[in-house]
Amino acid sequence: MEIQLTVNNKTHTVDVPGETPLLWVLRDELKLVGTKFGCGVGQCGACSVHMDGIITRSCLLPVSIIDKAKITTIEGLSEKNNHPVQLAWREIDVPQCGYCQAGQIMTASAFLAQNQNPSQEEIKEAMHGNICRCATYKRIERAVQTAVEISKKTTK
Amino acid sequence: MESTQHHIDRKTFLKVAVLSGTGVVFGVNFLQSCQSKKEQPINLEALEYNEFNAYIEIALNGYVTIYAPNPEIGQGVKTAMPMIVAEELDVAWDHVRVVQANLDTKKFKRQVAGGSQSIRFSWMPLREAGATARQMLVNAAAMEWNIAPEKCTTHQGFVVHPKGDKKGYGDLVLKAATLEVPQKITLKKTEDFTIVGSGKHNVDNFKITQGDALYGMDYSQEGMVYAAILHPEKFGDILVSVDASEAKKVHGVLDVIQFNNNIAVIGTNTWNVFQGKKAVKATYRENKNKEDSDLFDNRMEQAFESGKFKKRGGKGNVSEVFAKADQVIERVYEAPFLAHNTMEPMNFFAHVTADKVNLKGPIQTPENTAKQVARALKRKEEEVHIEMCRIGGGFGRRLIGNYVIEAAQISNLIQKPVKLVYSREDDMTAGYYRPKVKYKIKAAIKNNQITGYHLQEVVVNNMMWPKLANYFPEGAIPNTLFESYRIKSNIKTAPWRAPVTNFLAFAEQSFFDELANELQIDPVQMRLDLLEEAEKNKHDDMEYSPRRFQAVIKKVAKDAQWGKTKEGVYQGISAYYSHNSHVAQIAEVEIKNNQPVVTKIYCAIDCGIVVNKLGAMNQAEGGIVDGLGHALYSEQLVKDGIAVRSNFHQYKLGRMKDAPEIQISFIDSKEAPTGLGEPTLPPLAASIANAVFAANGNRLRKQPFAKNGLYNS
Ligand code: FES
Ligand code: FES
C-alpha cells in the first residue's frame, strides 16, 4: 500500500503494508536509523519520536494511521545538532554505549516543550519509561536539568 | 620538568613508515586497544607491520590519529586510550582523533573487549608509543637547529628551541621518520600529566546525539536482504521439520530456510521477516532433560546435602578447625539466571562470496569469532573479514559470536548480502545467561576469631576459577577451602558483567556482615582488622593489596560518616576487589511506607591513576545502578525447558526512579590504572542487603530482592 508521510519536514512515499510500524519504515525504508529498535513492544523507549510534537513510540505506531501528522526523529530535532537537550547531553557527557540515547533525547525534548520548569521529581517521572541498559540515569537526570538552564539562557 | 628515563621495549614500538603525502605512521603494540567508526584513510595491509596491533599516524598538519583494533562497547576506551598517547606525545587534545582500523586477524593481536583489562594492559605501551614519537620529533628539530636534543622542549604539538623558536610536529614528521627509533626515552612524571587525569568527553558524543549510523544494527547496503531467526523454543530440542507455506505468503518474505538446528526467514525488511517468523510452523524432537528453575533449586539443595564437590583452592586444614570450633556459622545465598539484555539486540551483516566472507557488526571477540566462522563455513581464516562499529552494549553477551556464525551461514546458503536481526524475544529467550548459582559459606569460630572459611558453589555450567581463592579473605583467615559442584545443562550460559564475582561478592560480603553481627563487631572494623591480618601474611600469589583495600574502606566510611547517620537512615557496608581494582561501598536505606528504600550509595574506588575522570565517573555510576537494578528486580526463569521472560514487560530492569543519589571518591594514586568497567558492580548488592538488615532486621540472601525479600520499591 502506498503511504505518504512527513518526516523531518520532508514528504516521503513508501510502499509497505499499512500495519508496518513507523520504526521499521524509518529504519529500513527511509534509512533514518537514528531511531532505535530496542524491544518492539513499547517498553524501552529506544524508538521514541515526536508526532506533532507529542512523544510517541514508533515501534507500536502503524504507519497507516499517521496520516498528515508531522514526524520528527533525532535526525530532524535541530538544524545543527544544537537543540538545548542535545547540547546538554554533550555537556554532561551522558552516553556510554549510546544506543538508547536518541530515544532519551527525544523523550526529554518533548517533555521540556510541555514543561519548561520541571521539578526533579517531574524529570524522573518523565524519563522513567526509557531504559538505559548502561544505567546512565544519573547523568540523564542532570542533563535534563542542564537543558532547562540552556533553554532559559537562550530564550532570555 | 623532571622526567623518568625509560628503556623502551623494542617489541612495543618499532617501525616507522612514510605515507605518500599525508604523514607518518608508527607501528605500536597496545596489547589491548580501543575503538570504533568506519574510516579507512591508510592501507594497513600495505604496511606489512605484522607484529603490531595498532598504529599512530601523525599528519603533515600536526593532527594525530590513532588506529586501534578493539571494540568500544560503552566502556569508554575509545576516549581514554588516545588520551594516554596524547599525554606523552604532548599534543593538544583537540588535535587527536581515533579511528577504527578494519579487523584483520593476521595483522592484529588480542582484539577483545572484556575483563576490564584494556587500559591496564595498554598503559605502558601507549605511553611508550607517545613518548617515542615525541622523542623522534625532538631529534628531528634538534638536527635542523643544529643543537643537542636535550636542549629542546615540547609544548602542545610543537618542539620548542631554548630561545623560544618553535617547529610544529607536522613540519617535522617526514624528517623524524627517517631517524632511528630511540632506545631510550623519557616518560613524563605522573604529576606533570595534563590530559591524563582530566575529564574528556566521549569522542563519539556529537554523532550519538544526532543519530548517526554508528551501530551494526544501522548498517545496510545495496542489494541486502534481512533475516530473522527461529531457535528451538526449548533448550536442547532438535528441529525435525518445517512448514513454511504460510510464512512464504507473508508480505515481503522471500524465502524460509533451515540450517543447523535453526530456521531463518529471509525478506525485504526487518518487520516483514519478523511477521514471517510468526507464521512458520515447526516440529521439534523434545529434549528429555527437564530444564526448569525449580528443579535446579532441588538439585542444588541435593548437591549441598550429598554432592561430590571439586576442590578449587584453599589453604590449611579446614576440617580440623571446623571440628574444633566453638561455633560454626553457615549461610546459603542464591542467584537466578540473568540475561544480558544489551540495548542493541544481537545482529550481524554477512556477505559470503566465492572469494570472501565479509562481516560487519557488534562483537567483543572478533578474532575468535572470525575463526569460528571460517570453521563453520569450511573457509580459510584469511578469507574472513570483520568490520567493526560502535557496539550498543556488551556486558559479556557479545563475547559469544553465535549470531555472527548464523548470519554467515544464512548468507552462505542464500548467496546474498544479509543482515540478521534478533528480536528482543530472540535475544532474551535463547540463552547465554549468567549461570544460576548458590553459595554455601561456613565459618569456624574459635575464641571469637574466625579460624576457618569454607565456600561451596553449586552452579549451572560455569564454575568459578581457582584464582578466586587468592582474593579476600586469603591471608586474613588461616584455613580456607573453595569447592564447586557443576550441574550440566543445555541452557546456554556465559560470562555476564563481572563474571562470577557479580554474585560471589554478594554472598561473601553479606556473609561477613552476618559474621560481624554474630560476633558483635562493627562490620567496618571487622574488615579492617581482617585486612590487617592479611597484610601480615601477604604473599606473591595474593591477588589483592590489603593496604589499598583498607584505604577504600576507610575512605567510604569517612565519606558516609559511618556510625553517625541521621535518625531513620540505615547503612550497610560492602567491599570487593575485582579486575585489579579495590572498591568499597556504603548503601543508605530509609523506611518509606513500611518498605526499605535505597536512598544513597557512597563509593570509594582505587583503580590506580584515573585516566579520564568524566568517563570513569560514568562507568562507576553505571556499574552501581546496574548492580542495584539487577539485585532488586531481574531474573530469567526457565520452566519446562522454555525461558519464561521474553521482553521488558516481564523482565524488570532498573529504571530512572530506582537510581539513588550516588557519591563517588577515587583514591589519589600514582599506580598504573586498573579495571573500571566492572568493579563497582560486584559489591553493590551486599551493601543494600546489609543496610536493609540494619534497617528492619530482614536478611536478604536471595536475588532478586523485590521478589524474594521484603524489599519492594
Ligand atoms: S523499541 Fe519501541 S519502546 Fe522499545
Ligand atoms: S548508553 Fe547504553 S543503553 Fe543507554
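Figures for the structure shown
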read-out: Leading residue by the ranking (farthest from residue A:21 (Cα to Cα)) among those in region A:95-115 that are touching a helix residue (DSSP H, G or I) at 6+ places or on another chain (Cβ under 7 Å) and more than 8 Å from chain B (Cβ to nearest Cβ); value: A:115
read-out: Residues of region B:254-275 that turn out to be within 12 Å of another protein chain (Cβ to nearest Cβ) and in contact (Cβ under 8 Å) with a residue 24 or more places away in the chain, as a count; value: 8
read-out: Failed condition for residue B:331, given (1) within 32 Å of the chain's Cα centre (by Cα); (2) surrounded by fewer than 16 Cβ atoms within 10 Å (Cβ to Cβ); value: (2)
read-out: Cβ pairs under 7 Å, 6+ apart, first in region A:114-137 and over 16 Å from residue A:85 (Cα atoms), second more than 14 Å from ligand 2 (Cβ to nearest atom) and not in a loop (DSSP other than H, G, I, E, B); value: A:128/B:657
read-out: Those residues of region A:15-52 which are in contact with a strand residue (DSSP E or B) (Cβ under 6 Å, 6 or more places away or on another chain), away from ligand 1 (no atom under 11 Å from the Cβ) and facing chain B (nearest Cβ under 10 Å), in sequence order; value: A:19, A:25, A:29
read-out: Single condition residue A:99 does not satisfy, out of (1) within 15 Å of ligand 1 (Cβ to nearest atom); (2) in the same structural domain as residue A:127 (by TED's automatic domain parsing); (3) not in a loop (DSSP other than H, G, I, E, B); value: (3)
read-out: Check on residue A:145, modelled with pLDDT of 95 or more, surrounded by fewer than 17 Cβ atoms within 10 Å (Cβ to Cβ) and away from chain B (no Cβ under 12 Å); value: yes
read-out: Qualifying residue in region B:393-416 (condition: away from every other protein chain (no Cβ under 14 Å) and of a type in the set (Lys, Arg)); value: yes
read-out: Subset of region B:675-696 that is part of a loop (DSSP other than H, G, I, E, B) and buried (at least 24 other Cβ atoms within 10 Å of the Cβ) - its residue that is farthest from the chain's Cα centre (by Cα); value: B:683
read-out: Hits in region B:577-607 (condition: open to solvent by 10 Å² or more (accessible area, probe 1.4 Å), closer than 20 Å to residue B:554 by Cα and not in a strand (DSSP E or B)); value: B:580
read-out: Check on residue B:557, more than 20 Å from residue B:605 (Cβ to Cβ) and assigned by TED's automatic domain parsing to the domain that holds residue B:580; value: no
read-out: Those residues of region B:183-216 which are open to solvent by 30 Å² or more (accessible area, probe 1.4 Å), touching a strand residue (DSSP E or B) at 6+ places or on another chain (Cβ under 7 Å) and more than 14 Å from chain A (Cβ to nearest Cβ), in sequence order; value: B:183, B:184, B:186, B:189
read-out: Residues (in a helix (DSSP H, G or I) and more than 7 Å from chain A (Cβ to nearest Cβ)) located in region B:608-630; value: B:613, B:615, B:616, B:617, B:619, B:620, B:623, B:624, B:627, B:628, B:630
read-out: Residue that is farthest from residue B:313 (Cα to Cα) [pool: residues in region B:534-554 that are open to solvent by 70 Å² or more (accessible area, probe 1.4 Å) and in a helix (DSSP H, G or I)]; value: B:554
read-out: Residue that is least open to solvent (accessible area, probe 1.4 Å) [pool: residues in region A:110-131 that are in a loop (DSSP other than H, G, I, E, B) and more than 16 Å from ligand 1 (Cβ to nearest atom)]; value: A:118
read-out: Test: residue in region B:631-644 that is within 14 Å of chain A (Cβ to nearest Cβ), in a helix (DSSP H, G or I), in contact (Cβ under 8 Å) with a residue 24 or more places away in the chain and surrounded by fewer than 21 Cβ atoms within 10 Å (Cβ to Cβ); value: yes
read-out: Failed criterion for residue B:311 (all others in (1) open to solvent by 90 Å² or more (accessible area, probe 1.4 Å); (2) closer than 30 Å to residue B:244 by Cα; (3) basic (Lys, Arg) hold); value: (2)
read-out: Tally, over region B:363-378, of residues that are at positive phi and touching a Gly at 6+ places or on another chain (Cβ under 6 Å); value: 0
read-out: Any chance residue A:71 is buried (at least 23 other Cβ atoms within 10 Å of the Cβ) and within 16 Å of ligand 1 (Cβ to nearest atom); value: yes
read-out: Residue tally, condition away from chain B (no Cβ under 13 Å) and among the small types (Gly, Ala, Ser), over region A:65-78; value: 1
read-out: Any hit, region B:281-304, residues being at pLDDT 95 or above, outside the structural domain of residue B:632 (by TED's automatic domain parsing), farther than 30 Å from residue B:480 by Cβ and surrounded by 22 or more Cβ atoms within 10 Å (Cβ to Cβ); value: no
read-out: Residues of region A:104-156 satisfying the condition of being farther than 18 Å from residue B:629 by Cβ and within 16 Å of ligand 2 (Cβ to nearest atom); value: A:105, A:106, A:107, A:108, A:142, A:143, A:144
read-out: Scope region B:244-253; condition open to solvent by 50 Å² or more (accessible area, probe 1.4 Å) and within 12 Å of chain A (Cβ to nearest Cβ); matching residues; value: B:251
read-out: Selection status of residue A:79, out of contact with any Gly (no Cβ under 7 Å at 6 or more places or on another chain), modelled with pLDDT under 95, under 30 Å from residue A:149 (Cα atoms) and away from ligand 1 (no atom under 16 Å from the Cβ); value: yes
read-out: Unmet criterion (only one of (1) free of Cβ contacts under 8 Å to residues at least 40 places away in the same chain; (2) within 15 Å of ligand 1 (Cβ to nearest atom)) for residue A:107; value: (1)
read-out: Residue check for residue A:75: touching a residue at least 60 places away in the same chain (Cβ under 8 Å) and acidic (Asp, Glu); value: yes
read-out: Residue count, region B:217-231 (criterion: of a type in the set (Asp, Glu) and either more than 7 Å from every other protein chain (Cβ to nearest Cβ) or in a loop (DSSP other than H, G, I, E, B) (or both)); value: 1
read-out: Count - residues of region B:482-533 that are assigned to a loop (DSSP other than H, G, I, E, B), within 30 Å of residue B:644 (Cα to Cα) and open to solvent by 50 Å² or more (accessible area, probe 1.4 Å); value: 3
read-out: Test: residue in region B:697-707 that is in a loop (DSSP other than H, G, I, E, B), open to solvent by 10 Å² or more (accessible area, probe 1.4 Å) and among the hydrophobic types (A, V, I, L, M, F, W, C); value: no
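The values are calculated or read from the model by the stated rules, or taken from the named source; none is laboratory data. Predicted model, so just to flag it, every value in this text is computed and none were measured. We place every Cβ from the backbone using ideal geometry, glycine too, and count neighbours over all the protein chains shown. The accessibility values were calculated without ligands, DNA or RNA, using every heavy atom of the protein model including side chains. Shrake-Rupley method; radii C 1.70, N 1.55, O 1.52, S 1.80 Å.
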